[in-house]
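One structure is given here, and the rest of the page talks about it.
The values are calculated or read from the model by the stated rules, or taken from the named source; none is laboratory data. Because the structure is a prediction, the values reported are computed rather than measured. We place every Cβ from the backbone using ideal geometry, glycine too, and count neighbours over all the protein chains shown. Surface accessibility is based on the protein's heavy atoms, side chains included, excluding ligands, DNA and RNA. Shrake-Rupley method; radii C 1.70, N 1.55, O 1.52, S 1.80 Å.
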Amino acid sequence: MSQEESMGIYIFCGIQMEADESFGEIEMEGERRELFTIRFKDAAMVAAEVPMKIYHPNKDNLMMHQQAVSLVMKKNDTVIPVSFGNVFHSKEDVGVLLENLYPQFEKLFPEIKGKVELGLKVIGKKEWLESKVSEDASIEKMAQAVKGKSEAASYYERIQLGGAAQKLVTSLQKETEQDIFHPLKELAEASKVNDPIGEKMLLNAAFLVDREKEAAFDQKVNELHDQWEDRVEFNYSGPWPAYNFVNIRLKVEDA
């Protein structure tokens with residue numbers, strides 16, 4: 001690092017803390033950085049001193065951010081997530097931000113205390129999706145109609161075929177939501193369905209789960225996976241802080 005390079009404060013998450021806690025160190029772009037807290041009343045930001053610059057959301061940096069949050073979650077059960085890449089000029093700036101955000105934190109603390117976010121993405125297996133398409137007589141008829149034709153000659157038929165295929169996928173997404181999302185929703189404190197990513201994703205859901213119910217939730221996910229494993233793949237992730245259930249803007253200028 002050059003002597004001219006100024007240092008800033010990177011923040012990872014907010015926490016509720018009654019007494020000082022130590023969260024150790026992380027490696028950030030090849031340098032060891034100590035995690036420390038900046039407090040206001042019973043709230044604190046977990047932060048590290050870093051070079052003042054823009055941090056790009058590449059794989060290593062995103063993993064570093066999540067590693068830091070995971071270290072905090074092992075010791076603290078009330079974690080408010082902060083999005084990647086927030087760097088402030090000084091500890092004083094972060095203190096001003098925290099004081100400004102404190103009324104929101106005060107309301108959030110009891111809502112997220114002892115709770116974690118768990119994510120579930122359900123992706124349809126190629127063979128199963130193709131079998132569902134072939135079972136649909138109208139899609140099969142349209143697919144046969146465009147065979148051997150140029151794109152120009154079959155333009156409107158291809159539009160109809162695409163629309164029919166999308167209608168089928170939407171139907172499968174509704175079925176997945178009913179049979180997988182709703183049983184899990186019953187075990188969660190809150191839940192959310194996000195937009196699917198890619199053509200084969202049938203469900204992209206997040207659940208806020210009490211830590212005491214996490215084992216029961218895991219068991220239900222396993223049961224549903226066993227019921228659906230010949231049709232879909234499960235991508236089950238977490239525990240995370242409540243990213244999908246907390247929305248806080250971080251700007252010193254708001255103070």
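Descriptive notes on the structure:
- Among the residues of the stretch 29-41, those that are assigned to a loop (DSSP other than H, G, I, E, B), open to solvent by 20 Å² or more (accessible area, probe 1.4 Å) and within 22 Å of S6 (Cβ to Cβ) comprise E29, G30.
- Scanning the stretch 49-72 for residues that are of a type in the set (A, V, I, L, M), under 19 Å from the mean Cα position of the chain (by Cα) and closer than 15 Å to E31 by Cα turns up M63, M64, A68.
- Residue check, L224 aliphatic (A, V, I, L, M) and in a strand (DSSP E or B): no
- The set of residues in the stretch 1-42 that are among the aliphatic types (A, V, I, L, M), closer than 16 Å to D93 by Cβ and touching a helix residue (DSSP H, G or I) at 6+ places or on another chain (Cβ under 9 Å) comprises I9, I11, I38.
- Condition check for K75: modelled with pLDDT of 90 or more and either within 25 Å of the chain's Cα centre (by Cα) or surrounded by 13 or more Cβ atoms within 10 Å (Cβ to Cβ) (or both): yes
- Looking across L224, L202, L184, one residue alone is in contact with a helix residue (DSSP H, G or I) (Cβ under 7 Å, 6 or more places away or on another chain) and closer than 21 Å to I112 by Cβ. It is L184.
- Single unsatisfied condition, I26 versus (1) closer than 20 Å to D77 by Cβ; (2) in a strand (DSSP E or B): (1)
- Contacts under 8 angstrom Cβ, first residue in the stretch 10-35 being closer than 16 Å to H65 by Cβ and without any contact (Cβ under 8 Å) to a residue 12 or more places away in the chain, partner surrounded by fewer than 17 Cβ atoms within 10 Å (Cβ to Cβ) and of a type in the set (F, W, Y), 6 or more apart: none
- So N76, is it more than 16 Å from F36 (Cα to Cα) and not acidic (D, E): no
- If you go through the stretch 78-127 and pick out every residue that is more than 16 Å from the chain's Cα centre (by Cα), open to solvent by less than 10 Å² (accessible area, probe 1.4 Å) and farther than 16 Å from A190 by Cβ, you end up with 6.
- Taken as a whole, the stretch 84-100 holds at least one residue that is more than 25 Å from L118 (Cα to Cα), in contact with a Gly (Cβ under 8 Å, 6 or more places away or on another chain), assigned to a helix (DSSP H, G or I) and among the hydrophobic types (A, V, I, L, M, F, W, C).
- Residue within the stretch 5-24 that is in contact with a Pro (Cβ under 8 Å, 6 or more places away or on another chain), of a type in the set (A, V, I, L, M), open to solvent by less than 70 Å² (accessible area, probe 1.4 Å) and farther than 19 Å from N244 by Cα present: yes
- Residue within the stretch 160-177 that is out of contact with any Gly (no Cβ under 8 Å at 6 or more places or on another chain), of a type in the set (D, E, K, R), at pLDDT 80 or above and surrounded by 15 or more Cβ atoms within 10 Å (Cβ to Cβ) present: yes
- Only one of A44, A48, A68 that is touching a Phe, Trp or Tyr at 6+ places or on another chain (Cβ under 6 Å), outside any helix (DSSP H, G or I) and open to solvent by less than 10 Å² (accessible area, probe 1.4 Å): A48
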